[in-house]
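Data first, discussion second: the structure below is written as structure tokens.
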Amino acid sequence: MQRPADARPAQSDGGMSTHRLEALTDGIFAIAMTLLVLNIDVPVVHAETAAGAIPSALLANWPQFTNYAVAFVVLAGFWTTHHKQFHSIRHLNGGMLWLNILSLLFVALVPFTTSLAGDYHWVLISSIIFDVNFLIIGMIYVVQWMYVSRNRERYLNEMVDPRRVAVGMRRVLVLPVAALAAIAIAVFIDPALNGFGYLVIPVLLALLKQ
């Protein structure tokens, strides 16, 4: 029976199917995104004054809530990017396989860097570590897409339009650009405000659709 045009081979050069790598990726992202909520501390107040103290205590935890929201949304963006890339990729080699595993190493690190940035939001190095974590993941995705797009006959599905490849490259650059914007805000304005750098993501994505 002839294989459908958009079907992907089950095996890569290294003996690993793309489907198994996608399953591993989904699991790592799901765990990392779930663990993020554990970084938000439950306020400790006296029972007698809890009704009045809890709202202010929760408000005082705004950096933890902010970093939780930013990390969750950015991880969702990375997961979406990975999903879209692998919808087009039909073939993996050993180098690409380990490049993906390297990206998962930093994805699994996100709950820690989020906790660090939330607990020490006024410290520059904490914010930088948080943003660099995302920057590294984003750059790995950029390198991966550059590699497969330059070898599209070998690694991409036959039905992938060249224009889609070009758009994919621009889209994959959005998250690293946002991380660089966040670093700039942390360095030149205020480390606690670095999360605003990621607001450029919807703006850039909207511009790409025009």
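The values are calculated or read from the model by the stated rules, or taken from the named source; none is laboratory data. Because the structure is predicted, anything quoted here is derived from the model rather than measured. Note that each Cβ is placed from the backbone with ideal geometry, even for glycine, and that neighbours are counted across all protein chains shown.
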Pair list, Cβ under 8 Å, 6 or more apart: segment 149-174 residue of a type in the set (D, E, K, R), other residue assigned to a helix (DSSP H, G or I):
ARG152/PRO162; ARG152/VAL165; ARG164/SER88; ARG170/LEU208; ARG171/THR81; ARG171/LYS84; ARG171/LEU205; ARG171/LEU208
Any residue at all in segment 101-108 that's assigned to a loop (DSSP other than H, G, I, E, B), surrounded by fewer than 20 Cβ atoms within 10 Å (Cβ to Cβ) and not charged (D, E, K, R)?
no
Taking VAL172 and the conditions (1) surrounded by 12 or more Cβ atoms within 10 Å (Cβ to Cβ); (2) of a type outside the set (Asp, Glu); (3) farther than 30 Å from GLN64 by Cα, which numbered condition does it fall short on, given that it satisfies the others?
(3)
Among the candidates VAL167, VAL177, VAL123, VAL143, residue that is more than 20 Å from the chain's Cα centre (by Cα), farther than 23 Å from ILE31 by Cβ and of a type in the set (A, V, I, L, M, F, W, C)
VAL123
Residue in segment 8-55 that is farthest from LEU104 (Cα to Cα), counting only those that are β-branched (Val, Ile, Thr) and modelled with pLDDT of 85 or more
ILE40
Could you tell me whether segment 175-184 includes any residue that is touching a Pro at 6+ places or on another chain (Cβ under 9 Å) and within 18 Å of VAL74 (Cα to Cα)?
no
